[in-house]
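The values are calculated or read from the model by the stated rules, or taken from the named source; none is laboratory data. Not measured: the values here are computed from a predicted model. Neighbour counts run over all protein chains shown; Cβ positions are idealised from the backbone, glycine included. Side chains included, ligands, DNA and RNA excluded: accessible areas come from the protein's heavy atoms. Shrake-Rupley method; radii C 1.70, N 1.55, O 1.52, S 1.80 Å.
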Amino acid sequence: MNRINRRDFLRLAGGSTLAAGAFGFPGLLLAGTRKVVVVGGGVGGCTAAKYLRKLDPTVDVTLVETKPHYTSCFMSNEVLSGDRTLESITFSYAELQSKYGVNVIIDSAIAIDPVAKEVRTAGGTRLPYDACIVSPGVDFKWETIEGYDAAVAEAIPHAWFAGPQTTTLRNQLLAMPDGGKVVIVAPPNPYKCPPGPYERASQIAMYCKHHKPRSKILILDPKTKFSKAGLFKQGWEQHYGFETDHSMIEWVGKDQGGTVSALDAAAKTVKAEAGDFQADVINIIPPQKAGRIAFVADLVDGDWCPVDKRTFESKRHADIYVLGDASSAAKMPKSAYAANSQAKVAVAAILARFAGEQPGEPTYVNTCYSIIAEEHGISVAAVYRLSEDGEQIASIEGSGGLSPMDASAEHRKREVTYAHSWFENVIDDMMR
Ligand SMILES: Cc1cc2nc3c(=O)[nH]c(=O)nc-3n(C[C@H](O)[C@H](O)[C@H](O)COP(=O)(O)OP(=O)(O)OC[C@H]3O[C@@H](n4cnc5c(N)ncnc54)[C@H](O)[C@@H]3O)c2cc1C
């Protein structure tokens with residue numbers, strides 16, 4: 001049996017050591033057989049399942065995931081430019097089973113009973129737990145844009161879950177004539193991947209610049225500002241003529257009437273405060289809320305799941321931990337790196353609890369890259385700790401920051417390489 005001490009944990013935690021750097025792990029192996037059921041095999045769920053087993057192989061870990069493979073949303077915008085395939089962002093759960101001994105069940109969790117401490121699946125399996133981790137990602141608030149629902153989205157894709165709709169959107173771009181118009185409808189805050197819609201516009205522009213240079217991309221946005229806006233706009237000026245007569249990308253924010261209320265799918269027209277906009281390709285990213293199981297299991301307050309930010313334990317039900325996009329983890333963004341970091345904090349807290357210890361003082365990390373053009377990457381990074389009242393995850397001053405506005409071309413090019421290696425590292429850390 002492997003004994004894992006604090007130093008080992010820091011080494012094993014790799015790229016995100018800071019996420020749990022302040023925890024102690026006394027006596028991890030004292031607990032005997034404990035059962036942890038993880039709902040959702042995305043970034044938060046896989047990272048948690050893997051690290052639980054890695055840090056304490058005596059814990060029995062079962063991961064319940066609806067889909068047989070994980071297709072990452074991160075880097076899926078590159079599928080739209082044609083820079084990568086959907087296969088290159090699709091991964092198997094095999095190593096979680098074979099290398100780490102996680103029991104992977106392909107099924108959907110349909111109920112979590114916090115009293116019986118049991119997860120029930122659509123396939124009829126009952127899974128008892130000592131701790132349950134829930135990382136189901138987001139769901140859409142379909143009722144918010146008239147004329148847009150899950151059925152319409154098959155033809156007018158959101159592509160906000162990477163998969164078949166990403167291919168649909170790519171095919172629509174391929175079929176669009178030169179001089180065609182793309183409309184992207186951005187969501188209100190909070191939503192998964194704050195810079196995602198703007199990276200998407202950049203990646204579509206990258207494709208159009210080479211293949212359909214007379215085309216236009218219009219972003220309709222219900223917000224007055226967006227993540228990394230200064231850096232995006234600078235990159236758009238440099239590569240896509242932003243704010244000139246020949247601009248390929250146009251951004252219409254809330255103050256200019258960018259809020260969209262309806263879609264006429266047959267006429268391929270969206271209705272915004274600024275007027276009606278007809279397009280060849282429409283991509284609507286709807287407003288968001290926590291994944292469905294979080295509502296079914298009574299884990300939400302409003303749209304998201306309140307958690308004790310020291311441990312990620314639900315504030316609504318004991319012994320259930322909610323991670324990633326579904327959790328209310330302000331001021332961390334809803335990102336892959338954040339979910340990965342939060343998973344380590346929750347794992348540390350659960351193992352401390354199993355060992356009869358108090359959770360330690362966590363720190364958390366986020367890094368997020370966006371690729372604006374072939375050789376132009378930008379990023380934002382932060383290290384966070386709990387505010388004194390324990391209510392906020394606050395960034396530590398001077399700990400990260402944005403790519404500089406005056407970075408050299410070489411720096412921008414290097415950030416593309418960093419983005420691609422970040423991607424490999426996150427996938428490795430999750431499930432390989
Ligand atoms: C276009 C795009 C680009 C992005 N780019 C980046 C980026 O560059 N960097 C970054 O850090 N983040 C990025 N993100 C955000 C990132 O993908 C998410 O923040 C991250 O995946 C959140 O992890 P999670 O575990 O909360 O949810 P997810 O990774 O979405 O995983 C949730 C999983 O739970 C499963 N599930 C849900 N309900 C059930 C149930 N009842 N039973 C069983 N399984 C269930 C789902 O099938 C899914 O596999 C991007 C997102 C998008 C859309």
Check: So, in the range 202-225, of the ones that are out of contact with any helix residue (DSSP H, G or I) (no Cβ under 8 Å at 6 or more places or on another chain) and closer than 13 Å to Gly258 by Cβ, which residue ends up surrounded by the most Cβ atoms within 10 Å (Cβ to Cβ)?
Finding: Leu220
Next item on the list: Determine if the range 312-321 includes at least one residue that is among the hydroxyl-bearing types (Ser, Thr, Tyr) and in contact with a Leu (Cβ under 9 Å, 6 or more places away or on another chain).
Entry: yes
Check: Does the range 118-132 hold any residues that are aliphatic (A, V, I, L, M), open to solvent by 10 Å² or more (accessible area, probe 1.4 Å) and more than 9 Å from the ligand (Cβ to nearest atom), and which are they?
Finding: Leu127
Check: (1) within 30 Å of Tyr207 (Cβ to Cβ); (2) at pLDDT below 95; (3) hydrophobic (A, V, I, L, M, F, W, C): which one isn't true of Leu80, the others all being true?
Finding: (2)
Item checked: Search result, residues across the range 47-73 that are of a type in the set (Val, Ile, Thr), touching a residue at least 60 places away in the same chain (Cβ under 8 Å) and assigned to a loop (DSSP other than H, G, I, E, B) -> Val59
Check: What are the residues in the range 47-92 that are over 23 Å from Pro195 (Cβ atoms), near the ligand (Cβ under 10 Å from one of its atoms) and open to solvent by less than 40 Å² (accessible area, probe 1.4 Å), if any?
Finding: Ala48, Leu63, Val64, Glu65
Notebook entry, point to check: Mind checking which residues of the range 294-331 are within 11 Å of the ligand (Cβ to nearest atom) and crowded, with 24+ Cβ neighbours inside 10 Å?
Noted result: Ala294, Ala297, Cys305, Val322, Leu323, Gly324, Asp325, Ala326, Ser327, Ala329
Check: Any residue in the range 81-90 that is farther than 22 Å from Val416 by Cβ and out of contact with any Pro (no Cβ under 7 Å at 6 or more places or on another chain)?
Finding: no
Next item on the list: Residue by residue through the range 181-205, note down the ones that are hydrophobic (A, V, I, L, M, F, W, C) and within 11 Å of Ser227 (Cα to Cα).
Entry: Cys193
Next item on the list: Considering (1) farther than 24 Å from Lys289 by Cα; (2) surrounded by fewer than 19 Cβ atoms within 10 Å (Cβ to Cβ); (3) among the hydroxyl-bearing types (Ser, Thr, Tyr), say which one Thr144 fails and leave the rest.
Entry: (1)
Next item on the list: Look through the range 358-370, keep the residues that are in contact (Cβ under 8 Å) with a residue 12 or more places away in the chain and more than 16 Å from the chain's Cα centre (by Cα), and return whichever of them is most open to solvent (accessible area, probe 1.4 Å).
Entry: Glu361
Next item on the list: Specify the residue that is farthest from the ligand (Cβ to nearest atom); the eligible residues are those in the range 133-151 that are in a loop (DSSP other than H, G, I, E, B) and over 22 Å from the mean Cα position of the chain (by Cα).
Entry: Gly147
Notebook entry, point to check: If you go through the range 152-163 one residue at a time, how many are within 14 Å of the ligand (Cβ to nearest atom) and open to solvent by 60 Å² or more (accessible area, probe 1.4 Å)?
Noted result: 1
Checklist line | Any hit, the range 347-357, residues being at negative phi and open to solvent by 40 Å² or more (accessible area, probe 1.4 Å) | finding: yes
Check: What tally of residues in the range 217-241 results from selecting those that are β-branched (Val, Ile, Thr) and over 13 Å from Glu199 (Cα atoms)?
Finding: 1
Notebook entry, point to check: Which of the residues that make up the range 174-200 are crowded, with 24+ Cβ neighbours inside 10 Å, part of a helix (DSSP H, G or I) and more than 9 Å from the ligand (Cβ to nearest atom)?
Noted result: Tyr198
